[in-house]
Each structure stands twice: as structure tokens, then as C-alpha cells.
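Heads up, the thing below is written out as C-alpha cells.
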Amino acid sequence: MNKKRFMAFALIMAVLSSTGLFAAKKGKVAKQKIEVVNRPGIALGTDVPGWVQAVLEGENKQVAKALKIDLKEQQVFVFTNQGNDLEFLKTWTDQVDVQRQVANSFSIAVGQCANAVFQGTSGDESKKKLAIDQTVKALSAIELNGLLKEAQYWMQFRKPKQGVKINKKSPESSYDYYYEYYVVFTMNRSIYESQLNAALNGIEDNASETELLKKALADSLRAPLLDKVKVDGTEYSFGD
């Protein structure tokens, strides 16, 4: 479900770099470094787990593979969050924010589906908008029951404060520090599909646009780690 790319390429390189640093360059623009300063196992020199690297690189298929999740049996949800207090960030994401993130992922999926299905088609734009609005509203109202935490990980980063020169005598004051928290939830596929079906069936087919969008979503939301879906024999591609 998916999800969004929450970090720029510089952040990915920060994680994968042996030094933990990445300098972003563009012509003569001043360098900015983002540094990984803490994470589980950093003192022992252990690697970042493969599933976390897959999250950072936006490779959701590899998340399931790295965690050995059977996609025929389980639906996968990958979430990320950022904040300054790690314990609060964990509690908020796992217990409070997860439903909002699920709703957001559904909204993104609807937007991607609508863009793929309606692109280049004729028809009443107001009906297309109505179909999108109705579908987003119905899916965003789902309160998924049965989510189980599969894996979690965190990293702490620092980056130079904007417009501040590094103070050599007190360098810590020259940086902004923050945490990234990554978590993977799974749900029994049959339970997920029953809840999804109930939501989609509650959307009235009052226009052909709504019916087409529902068909696309019925497939794409059952396979959120896939980037293509077929509707009535036509294959649509979805961007990340």
C-alpha cells in the first residue's frame, strides 16, 4: 500500500554509503550533507536490514521478499514516519497514525487508478471527479481490523541547519536531528478482501466512470505491490 517516497535520493545514499554521508551537488551550489548518526546495530557495524533498504529505495516488492512474506496469504502495508522523539514516534505510528496512513494509501491508489483509467478518455469531467470523490470517501472510511506488525526499524539522521555555518567549537548546535521510523504490517488476505469488498460494494454505480474505477481498484488494492493491473483485458501501468 502502499505507500510514497518519503526521502530524497540523498537520504538513500546516506544509508547505503560506508561513511554514512552523501554530498548533493548541482553545479556550484553549496554541498549539504545528511548523516546517519544512530540506528540499531551501528556500534557493532551490522548492516541495515534488506527490507529497510528496499523501503528507502521504493522497492516494495523487495520488502515482502526480504521478510519472506507470502503475498498469496498476506496483504502488506509499508509505512514510514518522521519525528524528533523516537518513542513517541513509534507509539503514534503503530497505535494512532496507522489508520490515517492506510486511508492516505487508499487515496493515493485511487488517484493513480483514476489517472491511468481516465487518461486520454472522453466523458463528463464532473462525473470523473464524482467517481473519484465517492471512492476516496468510501475507502478512507475503512477501519481495518486484523493488522499485525511484521517488522520495524529506525534511524536517526542529522543535517546542517539551513543557512548556518558549522560551528567547529560546538558542531552539534549547527545540525537538525530527526528520526525516521519504518514499519511493515500484514493482514490475512481473506480478512482484508472482505473489508475491501464491503467498502467497494457500498459505492453506488451511478456512472460508467465509477464502475470502471471500481474495477481497477478491486485489482490494484488486492495487489498493492504490483505496478500494473488489468481491467476488462486492458493493462494499465501505475507510477510510484
### Query
Which residues, taken from segment 23-65, are at pLDDT below 75 and either open to solvent by 50 Å² or more (accessible area, probe 1.4 Å) or β-branched (Val, Ile, Thr) (or both)?
25, 26, 27, 28, 29, 30, 31, 32
### Query
Hey, among the residues in segment 145-181 that are of a type in the set (Asp, Glu) and modelled with pLDDT of 90 or more, which one's farthest from residue 67 (Cα to Cα)?
176
### Query
Residues of segment 77-107 being among the hydrophobic types (A, V, I, L, M, F, W, C) and surrounded by 15 or more Cβ atoms within 10 Å (Cβ to Cβ), which ones?
77, 78, 79, 86, 89, 92, 98, 102, 103, 106
### Task
Kindly indicate whether any position in segment 186-199 is open to solvent by less than 40 Å² (accessible area, probe 1.4 Å), over 30 Å from residue 209 (Cβ atoms) and modelled with pLDDT of 85 or more.
yes
### Message
What's the number of the only condition in (1) free of Cβ contacts under 8 Å to residues at least 40 places away in the same chain; (2) under 20 Å from residue 187 (Cα atoms); (3) hydroxyl-bearing (Ser, Thr, Tyr) that residue 93 fails to meet?
### Response
(1)
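The values are calculated or read from the model by the stated rules, or taken from the named source; none is laboratory data. This is a predicted model, so every value here is computed, not measured. Positions of Cβ are generated from backbone atoms using ideal geometry, with glycine treated the same way; all protein chains shown enter the neighbour counts. Just the protein is used for accessible areas: all its heavy atoms, side chains included, with ligands, DNA and RNA removed. Shrake-Rupley method; radii C 1.70, N 1.55, O 1.52, S 1.80 Å.
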